[in-house]
Structure formats: structure tokens, C-alpha cells
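Enquirer: Below: one structure in C-alpha cells.
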Amino acid sequence: MKFSVFHTPELTPVQNSADCAIAIDVLRATSTIATALNSGADAVHVFSDMDKLVHESELLPPEKRLRAGERGGSKVAGCELGNSPLDCTPELMSGKRLFISTTNGTRALQKIQASPTVLAAALINRHAVVEYLIEHQPETVWIVGAGWEGSFALEDTVCAGAIVQSVADRTGTPLEDLVGNDEMVGAVSLYQQWQDNLLSLLYHASHGKRLLRLNCLEDLKYCSTLDSLNVLPIQTEIGTLVKYVPAARPVPELSKAGSR
């Protein structure tokens with residue numbers, strides 16, 4: 001596997017050559033998507049355009065849908081939810097479809113939506129992402145950070161580094177054999193520096209500071225927790241993510257000598 005990281009959708013090549021593409025928006029879209037699916041949502045539909053979100057969600061009865069809209073860190077008027085993963089409780093999510101549009105994260109997902117495999121990653125579900133990568137061994141992996149309105153974001157980059165460091169540790173592969181671009185070296189270095197104090201790093205991040213001004217400290221605490229959810233959002237059709245369920249492995253037949 002070769003990993004390349006692109007800090008924003010704008011920096012991601014137009015010509016997509018990735019076998020697997022991973023979108024990251026730690027604060028907070030991919031954290032919210034993972035939490036919604038872990039809490040029982042049937043699917044998450046992502047949009048960059050709020051008008052399109054409203055139109056598509058109208059095709060479902062109100063009791064089967066939830067709308068989540070966020071701009072600038074705040075909830076969009078007319079939506080039941082903003083972009084806080086803490087709102088994604090089992091009582092609210094179970095059996096529903098979540099329609100979501102955010103300032104940055106949904107744009108990252110749309111940038112890579114044509115890839116053969118599209119995953120959504122955050123710090124909270126890092127382990128599930130790594131498990132999938134080790135099992136499926138895609139040759140070329142792109143990790144696309146949401147950033148903030150076209151700018152680099154510390155939290156997305158450290159998550160990319162956390163994923164690749166874990167793959168190296170789990171497989172015993174030297175990091176230099178996994179790195180596909182210079183940005184990936186920087187991401188791994190950032191994770192190595194901050195892996196024991198991720199919440200503090202989020203305090204330093206510009207969007208972390210923005211959320212603190214919006215009284216979202218609990219969101220930062222939740223989103224900085226590594227490997228707290230065993231759930232992997234995977235795209236099944238353009239713009240639709242569901243909870244990945246590994247294919248059942250066939251049970252080996254007992255030999256005649258060992259059968260009873």
C-alpha cells in the first residue's frame with residue numbers, strides 16, 4: 001500500500017488514481033457520520049448544497065429522515081441537527097436516514113466520490129479504518145482532509161498520520177514503504193509528536209478554537225478520543241454512506257477423520 005495525503009479538497013488531484021480514498025473531517029463531519037451509523041442510522045447522505053439536501057430528503061417521510069446542516073460551526077436554520085456527533089444518540093438515529101451538509105467535510109467526500117472505494121475516517125474510528133485497509137490491501141490510498149475553507153487543518157492531518165502509523169505498526173512495514181508523498185511524512189511526524197495529547201492539539205487548531213468560542217468543548221473532547229468506535233462508514237452509491245459489514249468468512253469443513 002502507498003498512502004498520499006492531500007490537506008484539502010482543493011489540493012486533491014482532479015484525475016483520481018486511488019484504489020481507495022478516505023475523507024477526514026475530525027471537527028466534525030466524519031466524526032458525526034461515524035457516530036450516526038454507530039447509533040443505528042440506516043445511511044448517511046452527504047451534500048455540499050443545502051437546497052439539494054432539502055429536495056432529496058423530502059422524498060422520505062419525516063419520521064424516516066433527519067436533516068443536519070452546518071455553516072461556520074453553527075446549525076443551519078430549518079435543520080433538526082447541526083454537526084455535533086454528541087447529538088447522534090441511538091434514540092434519535094435508530095432506523096433513520098441522515099441527510100447532512102457541512103462547511104468542509106461533505107466537500108471532501110464529494111471530491112473523492114468517484115473512487116472505487118470511499119471511506120470516512122476520524123480519530124474516533126481510526127482502528128476500524130486500519131482493519132479495513134489491512135484486510136483489503138488497496139494498492140494506492142488517498143487521504144483527503146476537509147481543512148477549513150481551503151486551508152490546512154491540524155486535526156485532519158494528525159488523523160491521516162494516525163492511520164498510516166497504525167498500518168505500519170500492525171503490519172511491520174517500514175514507514176518509508178507506505179509513504180506516497182511528502183505531505184504524508186509530515187502527517188506521520190505530527191501524529192508522532194502529539195499522539196499522547198491529541199486534545200491539546202485540537203486546542204491549538206484554528207477550528208478547535210472556533211468551536212471553543214461556540215461552547216463546543218465536549219465536542220472537542222469526544223472527537224479527540226482515539227479508537228473509541230468500531231464503525232466504518234463506506235460509500236455504497238455516490239453520496240451515500242452505510243456501516244461497513246465484513247463479508248462472512250466461510251467455515252472450513254471438517255475432514256472426514258476429524259468429523260463426528
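Enquirer: Here is a check on your reading of the model: is S151 at pLDDT below 95 and of a type in the set (G, A, S)?
Expert: Values: at pLDDT below 95: yes; of a type in the set (G, A, S): yes.
So S151 passes the test.
Enquirer: Considering only residues that are surrounded by 16 or more Cβ atoms within 10 Å (Cβ to Cβ) and part of a helix (DSSP H, G or I), look in segment 213-227 and name the one that is nearest to the chain's Cα centre (by Cα).
Expert: C223
Enquirer: If you don't mind, there's one more thing I want to ask. Can you tell me which of V158, V130 is under 18 Å from D219 (Cα atoms), open to solvent by less than 10 Å² (accessible area, probe 1.4 Å) and assigned to a helix (DSSP H, G or I)?
Expert: Just a single option satisfies the conditions, and that option is V158.
Enquirer: Among the numbered criteria (1) farther than 22 Å from V118 by Cβ; (2) open to solvent by less than 70 Å² (accessible area, probe 1.4 Å); (3) among the hydrophobic types (A, V, I, L, M, F, W, C), which one does V167 miss?
Expert: The failed condition is (1).
Enquirer: May I ask you to list the residues in segment 190-212 that are open to solvent by 30 Å² or more (accessible area, probe 1.4 Å) and part of a loop (DSSP other than H, G, I, E, B)?
Expert: Q195, D196, N197
Enquirer: Tell me which residues, restricted to segment 84-102, are crowded, with 24+ Cβ neighbours inside 10 Å and of a type in the set (V, I, T).
Expert: I100, T102 - these are the residues of segment 84-102 that are crowded, with 24+ Cβ neighbours inside 10 Å and of a type in the set (V, I, T).
Enquirer: Right, next: Enumerate the pairs (first residue in segment 44-63 and under 16 Å from T102 (Cα atoms) and without any contact (Cβ under 8 Å) to a residue 60 or more places away in the chain; second residue anywhere and of a type outside the set (G, A, S) and assigned to a strand (DSSP E or B)) with beta-carbon separation below 6 Å, excluding pairs fewer than 6 apart on the same chain, so at least 6 apart or on different chains.
Expert: Here the result reads L53/F99; S57/R65; S57/R67; S57/F99, each pair linking segment 44-63 to a residue that is of a type outside the set (G, A, S) and assigned to a strand (DSSP E or B).
Enquirer: Looking at segment 243-257, is at least one residue modelled with pLDDT under 95 and outside any loop (DSSP other than H, G, I, E, B)?
Expert: Yes.
Enquirer: Right, next: Give segment 1-48 a look and list any residue that's of a type in the set (V, I, T) and over 10 Å from G145 (Cα atoms), or say none. Show your work before the answer.
Expert: Within segment 1-48, the subset of a type in the set (V, I, T) is 5, 8, 12, 14, 22, 24, 26, 30, 32-33, 35, 44, 46.
Across segment 1-48, the qualifying residues are V14, T30, T32, I33, T35, V44, V46.
Enquirer: I would also like to ask the following. Within segment 103-118, identify whether any single residue is open to solvent by 60 Å² or more (accessible area, probe 1.4 Å) and modelled with pLDDT of 95 or more, and answer yes or no.
Expert: yes
Enquirer: Might you check whether a residue that is among the hydroxyl-bearing types (S, T, Y) and not in a helix (DSSP H, G or I) occurs anywhere in segment 17-34?
Expert: Within segment 17-34, one or more residues are among the hydroxyl-bearing types (S, T, Y) and not in a helix (DSSP H, G or I).
Enquirer: Filter segment 170-185 down to the residues that are within 16 Å of Q137 (Cβ to Cβ) and assigned to a helix (DSSP H, G or I) and list them by number.
Expert: Scanning segment 170-185 gives R170, T171, D177, L178.
Enquirer: Just to be sure before I move on: is S4 in a strand (DSSP E or B) and hydroxyl-bearing (S, T, Y) in the structure I sent?
Expert: In short, yes.
Enquirer: Another one. Which numbered condition in (1) open to solvent by less than 30 Å² (accessible area, probe 1.4 Å); (2) modelled with pLDDT under 95 is the only one that H45 fails?
Expert: (2)
Enquirer: Can you pull out the residues in segment 64-99 that are part of a strand (DSSP E or B) and without any contact (Cβ under 8 Å) to a residue 24 or more places away in the chain?
Expert: K75, L81
Enquirer: Answer yes or no: is there a residue in segment 101-118 that is of a type in the set (S, T, Y), in a loop (DSSP other than H, G, I, E, B) and touching a helix residue (DSSP H, G or I) at 6+ places or on another chain (Cβ under 7 Å). Step through it out loud before you land on a result.
Expert: Let us first name the residues in segment 101-118 that are of a type in the set (S, T, Y), namely 101-103, 106, 115, 117.
Cutting the leftovers down to in a loop (DSSP other than H, G, I, E, B) gives us 102-103, 115.
Then drop every residue that is not touching a helix residue (DSSP H, G or I) at 6+ places or on another chain (Cβ under 7 Å), which leaves 102.
Within segment 101-118 (the criterion being of a type in the set (S, T, Y), in a loop (DSSP other than H, G, I, E, B) and touching a helix residue (DSSP H, G or I) at 6+ places or on another chain (Cβ under 7 Å)), the answer is yes, since at least one residue qualifies.
The values are calculated or read from the model by the stated rules, or taken from the named source; none is laboratory data. The shown structure was predicted, so the numbers you read here are calculated from the model rather than taken from an experiment. Quick reminder, even Gly has a Cβ in these numbers, built from the backbone with ideal geometry, and neighbours come from all protein chains shown. Ligands, DNA and RNA are stripped out before the accessible areas are found, and what is left, the full protein with its side chains, is counted by its heavy atoms. Shrake-Rupley method; radii C 1.70, N 1.55, O 1.52, S 1.80 Å.
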